[in-house]
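Below: one structure, written as C-alpha cells.
Quick note: the coordinates plus some simple rules give every number you see, no bench work behind them. Bear in mind that the values here come from a model prediction, so they are computed numbers and not experimental data. Here the Cβ positions follow ideal geometry from the backbone for every residue, glycine too, while neighbour counts run over all protein chains shown.
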Amino acid sequence: MRLLKLAFAASSLMTAAPLSAQMGNFRIDTARTVIRDNSGNVVGEGFEVRMEGSFESRHDKLKSQKVAYFSNNIDLTPREAERFWPVYNEYNNRRETISQERNKILRRLSNVENMENDKDIKAVLDNYTASFEKETELFRQYYQKFSEILPPKKVVRLYITEEQFKQMLLRSIRYQ
C-alpha cells in the first residue's frame, strides 16, 4: 500500500473524525496526525491519507483534495469559485502539458552520449529552453485572467497556496 501524507489547514478537515472508505478497488484511510517543522516543533495538525488503488483513482482523490485545500486557503466566494475553477483547471492542464513535454526533452537530453552531432544536441537544448519560455508566457496570460476574476490579495494567496500544496506533497513523499 502506498502511503501519502497530506496536511490540511482547512478547519473543516481538522474537526472531522477519522474516515475509512472503500470505493471499488480504491481504499482511503485517514488518521489525525501532528505536523512538525525540521526542529521538531508542532506547527499544526493534519491528516495522514493512505491511498490504495489505481493511479487514476489516486490522481482523482488528490485533485479533489487540492480543490478543497485551495478553496479554503484562497477563501473563494461561491461566485469567485464558479468563475475561477474552470480558468484554473485550463491553466493547470496547459501547465501539465508543458511539463510533460519538458520531461520528454529531458529524457532525450539524458541520452546525450548517443547523439551523433552537436546540431542535434543544440536542437534539443533549444526545445528545453523554449519550454520554460512557454511556461513563463502561460503564467503571464493566466495572471491576467486570474486578476480579472479575483482581487489582488486572492491572486497572491493562489500563488502561495500552489507552492504550499506542492511543498506539502514533496514532504509527504520524502517522509513515506
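The table below lists the values:
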{"item": "Above-threshold pairs, the threshold being 24 Å between Cα atoms, out of LYS61/LYS166; LYS134/LYS166; LYS104/LYS145", "result": "LYS104/LYS145"}
{"item": "Using θ = phi - 60° and Karplus 6.51 cos²θ - 1.76 cosθ + 1.60, couplings along the range 155-170 (whole Hz; Gly, Pro as x)", "result": "5, 4, 4, 4, 5, 5, 5, 4, 5, 4, 5, 4, 5, 4, 5, 4"}
{"item": "Ranking of SER147, SER110 by count of other Cβ atoms within 10 Å, fewest first", "result": "SER110, SER147"}
{"item": "Shape category assigned to the range 85-176 from the gyration tensor of Cα positions, a/c cut at 1.5", "result": "oblate"}
{"item": "At R0 = 35 Å, FRET efficiency that the Cβ-Cβ distance of GLU80 and SER110 yields, to 0.05", "result": "0.25"}
{"item": "Residue exposure sequence - SER39, SER57 - by fewest surrounding Cβ within 10 Å", "result": "SER39, SER57"}
